Every structure is written in structure tokens, then in C-alpha cells.
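What follows is a single structure, written as C-alpha cells, with notes after it.
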Amino acid sequence: MTPQPPAGVPARPADVDTGFWLWLVALVLMLIGYIVDALAVKHISSVVIALTLLFALTMGAVVLTFLLLMRSGYRWTRTLLTGGGVATVIYTTVSLFSVPREPVAAVTFAVTGIVGSVLIVGGIYLLHRPDAHGFFVR
């Protein structure tokens with residue numbers, strides 16, 4: 001017996017589910033890239049490392065919360081994720097070409113940043129398709 005959504009609530013389209021998973025994978029990749037990039041800096045104090053990790057995990061938790069709310073049909077979370085996703089893609093693109101890094105950190109940041117950015121753009125696209133747009137009614 002499969003639980004049914006309450007009356008009046010549209011069924012979640014496949015685009016929303018796929019967009020959610022694209023965003024979730026991108027979140028993990030971007031966090032890995034951010035943490036590796038932060039830890040690769042030479043001569044950094046342990047306090048700065050701790051604050052950077054705390055910031056990264058806090059932002060990850062906030063984005064995960066928004067993803068779960070978006071999956072439940074909240075339009076405002078889709079809007080915030082779209083704005084944050086565009087900003088993240090721009091930051092990653094600029095950072096790829098402007099910040100000198102050690103080779104291992106550069107490759108890690110490049111791979112996670114490029115793949116994560118492509119997944120974010122794909123998630124944004126899927127969440128704004130007509131089928132998905134009709135789902136966000138809250």
C-alpha cells in the first residue's frame with residue numbers, strides 16, 4: 001500500500017526528483033572542493049581551519065534543508081536554490097581561473113567544481129520546466 005498525497009496537492013513530477021538528486025550530488029562535490037581548497041592553503045592556523053569547516057558544514061546543512069523543502073513543493077526554496085546555484089557557478093568559474101593552487105588541490109577543485117556546476121545548472125533547468133513549475137504551489 002503506497003501512501004497517497006493529500007487531496008489538492010499535485011504529485012511530484014520526475015523532473016523535481018531528478019533535480020533534487022542532481023543538486024544533492026552537486027552539494028557533496030562542491031563541499032569536497034571547498035574543503036580541499038581551504039585546507040590546501042599554506043601557513044593557515046587551526047582556528048581558521050575549524051571556522052572554515054564549520055562554515056562549510058553549516059552551509060551544507062542549510063542547502064540540504066532547502067532541498068528537502070523544495071522537494072515538498074515550496075516555491076521560495078526553489079527560488080533561493082536557483083539564486084544560490086547561479087552565484088555558486090559564477091564563483092566557481094571565476095575561482096578556477098584566478099586563484100593559484102597546488103597541483104593536487106587544483107585538480108580536485110577543478111573536477112569537483114566543474115562537475116558540480118554542471119549538475120547545479122542541470123538541476124536549475126529541471127526545476128523550472130513546465131511540469132515542475134506546476135508542482136511548486138506552497
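The values are calculated or read from the model by the stated rules, or taken from the named source; none is laboratory data. This one's a predicted model, so the numbers in the text were calculated from it and none came from an experiment. Don't worry about glycine lacking a Cβ; one is built from the backbone with ideal geometry, like all the others, and counts go over all protein chains shown. The protein model used for the area step is the full one, side chains on, heavy atoms only, and it has no ligands, DNA or RNA in it. Shrake-Rupley method; radii C 1.70, N 1.55, O 1.52, S 1.80 Å.
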* Asked: Among (1) of a type outside the set (S, T, N, Q); (2) open to solvent by 50 Å² or more (accessible area, probe 1.4 Å); (3) at pLDDT 95 or above; (4) under 18 Å from Val111 (Cβ atoms), where does Leu31 come up short?
  -> (2)
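Conditions (1) closer than 12 Å to Met30 by Cβ; (2) without any contact (Cβ under 8 Å) to a residue 24 or more places away in the chain, marked per residue:
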{"position": "Ile44", "(1), (2)": "no, yes"}
{"position": "Leu54", "(1), (2)": "no, yes"}
{"position": "Leu67", "(1), (2)": "no, no"}
{"position": "Ser117", "(1), (2)": "yes, no"}
{"position": "Leu126", "(1), (2)": "no, no"}
* Asked: What residue, among those in the stretch 83-138 that are under 13 Å from the mean Cα position of the chain (by Cα) and under 15 Å from Val36 (Cα atoms), is surrounded by the fewest Cβ atoms within 10 Å (Cβ to Cβ)?
  -> Ile114
